[in-house]
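Single-structure report; data block below.
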């Protein structure tokens, strides 16, 4: 079952969508809302998650044609190919199995003829026992003191994923302080080590090959700092590695027992579900880490088994393609109404833009249509006082995902009411705007009749700006796992629709090669 390599613009569904776009592009979200069932018909409830996509420039026919497109390019078969371990990352000759890392089923998944499930279970048991030792204080540093601080040293997927999750789950964290060193900028690592005590700090070096320039530079700097007060024999008590390069790890001084596995069938930006997430397990405890995996698995099963018409990642991907390829919208905003999720937009930037930022299709041909949306965002309500002016009244069309929670974690209900009033208010303002008549009336009733002529055009909101509501009951490790997996599957779906390989990232290499040449010259 290999994936079909189909140029989407040559499909029957695409031709129909092009005609359909001409028919409905003048219809507004306000027009669609004349239907009293609009919200109900364009919402999906999945456990503790409600996705409401009614505030989009689409009708039932749009969705029907978009799902026809998904069927025509072979999305269903592609999903099965991914989950069953076929080599869908063709350019790197690899399977793509981050989904296997969170699967609780005993069904074997074969890579090179070997079932990978037992390796995954072994790694999880090792993460659990190691985390328990460190958190309980049984793991001692070289002077016999328990660990107080964890430092994750990695870059890209080995940093952004764990860092984002640790920040998002701060409410659930234990007594350990967790830090992240990523940039090769020496000032970054210097700022972090000045807060640390070498006797009570554990360093987690995350690098598949143990050759990544940034990670190794930072690891060497930290090791030299550590050896000012300790000896090389103390390294095993303070350094662990997530890697495949056993020789390089050994040369660094890390003992074999302190090595956690990485696998070729997990891409870096999808690796927080593996031992790359060790710093998450250390920060919030293994049980919460496992709940994160379980939440992701719930979304995996939904994505794999649900009909496209009721499939959350598929629907969100189709709507995104609709704006990107028909409305020529170039960007999408991700707007979480939770300060805990402040690092989610940056995490999704990597996941989405490194995956689908491709200009060559799966046949190796140059692409003549748009791929890869530009993703950006920030947390509500901060961004309402920052860039939302452009989203509301600017000249660009920017579809937005609003992510919210029905309950707050600390229970300050007055704050949460205000937060959620803004959450809903922003989406209504984007969708329905404010007409000239409404502005006229408002100015008149506030006693500013004399200013109507001058102020009116500035106070009109066109509206008709699209948004999705992604609403969970509460921010928990499980619901966060579900959310991240939702976006992972949206990425995959878009890659299939655009006929590109989402899992290689050759675009990151040329700059690195040139930097290495410059260093040698």
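The values are calculated or read from the model by the stated rules, or taken from the named source; none is laboratory data. Predicted model only: the values in this text are computed from it and were never measured. Positions of Cβ are generated from backbone atoms using ideal geometry, with glycine treated the same way; all protein chains shown enter the neighbour counts.
Summary table
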item: Counted residues, region 213-232 - those being without any contact (Cβ under 8 Å) to a residue 24 or more places away in the chain, surrounded by fewer than 16 Cβ atoms within 10 Å (Cβ to Cβ) and outside any loop (DSSP other than H, G, I, E, B); result: 3
item: Residue check for residue 491: surrounded by 14 or more Cβ atoms within 10 Å (Cβ to Cβ), at pLDDT below 95, assigned to a helix (DSSP H, G or I) and in contact with a helix residue (DSSP H, G or I) (Cβ under 7 Å, 6 or more places away or on another chain); result: no
item: In region 35-70, residue surrounded by the most Cβ atoms within 10 Å (Cβ to Cβ) [restricted to those that are part of a loop (DSSP other than H, G, I, E, B) and touching a residue at least 40 places away in the same chain (Cβ under 8 Å)]; result: 55
item: Residue list for region 436-471, restricted to those being assigned to a loop (DSSP other than H, G, I, E, B), modelled with pLDDT of 95 or more and exposed (fewer than 15 other Cβ atoms within 10 Å of the Cβ); result: 462
item: Residue in region 181-190 that is buried (at least 16 other Cβ atoms within 10 Å of the Cβ), in the same structural domain as residue 244 (by TED's automatic domain parsing) and touching a residue at least 40 places away in the same chain (Cβ under 8 Å) present; result: yes
item: Answer from 161, 156, 141 - the residue that is surrounded by 14 or more Cβ atoms within 10 Å (Cβ to Cβ), assigned by TED's automatic domain parsing to the domain that holds residue 210 and at pLDDT below 95; result: 156
item: Qualifying residue in region 438-461 (condition: in contact with a helix residue (DSSP H, G or I) (Cβ under 8 Å, 6 or more places away or on another chain), touching a residue at least 60 places away in the same chain (Cβ under 8 Å) and on the phi > 0 side of the Ramachandran plot); result: no
item: Subset tally (residues that are over 23 Å from residue 119 (Cβ atoms) and under 27 Å from the mean Cα position of the chain (by Cα)) for region 224-266; result: 0
item: Qualifying residue in region 259-271 (condition: buried (at least 16 other Cβ atoms within 10 Å of the Cβ), closer than 26 Å to residue 144 by Cα and at pLDDT 95 or above); result: yes
item: Residue match in region 411-421 (condition: crowded, with 18+ Cβ neighbours inside 10 Å and either within 16 Å of residue 333 (Cα to Cα) or modelled with pLDDT under 95 (or both)); result: no
item: Check on residue 474, surrounded by fewer than 18 Cβ atoms within 10 Å (Cβ to Cβ) and in the same structural domain as residue 17 (by TED's automatic domain parsing); result: yes
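For every residue, the table says whether it meets (1) touching a helix residue (DSSP H, G or I) at 6+ places or on another chain (Cβ under 7 Å); (2) at pLDDT below 95; (3) in the same structural domain as residue 124 (by TED's automatic domain parsing).
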{"residue": "196", "(1), (2), (3)": "no, no, yes"}
{"residue": "206", "(1), (2), (3)": "yes, no, yes"}
{"residue": "210", "(1), (2), (3)": "yes, yes, yes"}
{"residue": "228", "(1), (2), (3)": "no, no, yes"}
{"residue": "234", "(1), (2), (3)": "no, no, yes"}
{"residue": "247", "(1), (2), (3)": "no, yes, yes"}
{"residue": "251", "(1), (2), (3)": "no, yes, yes"}
{"residue": "280", "(1), (2), (3)": "yes, no, yes"}
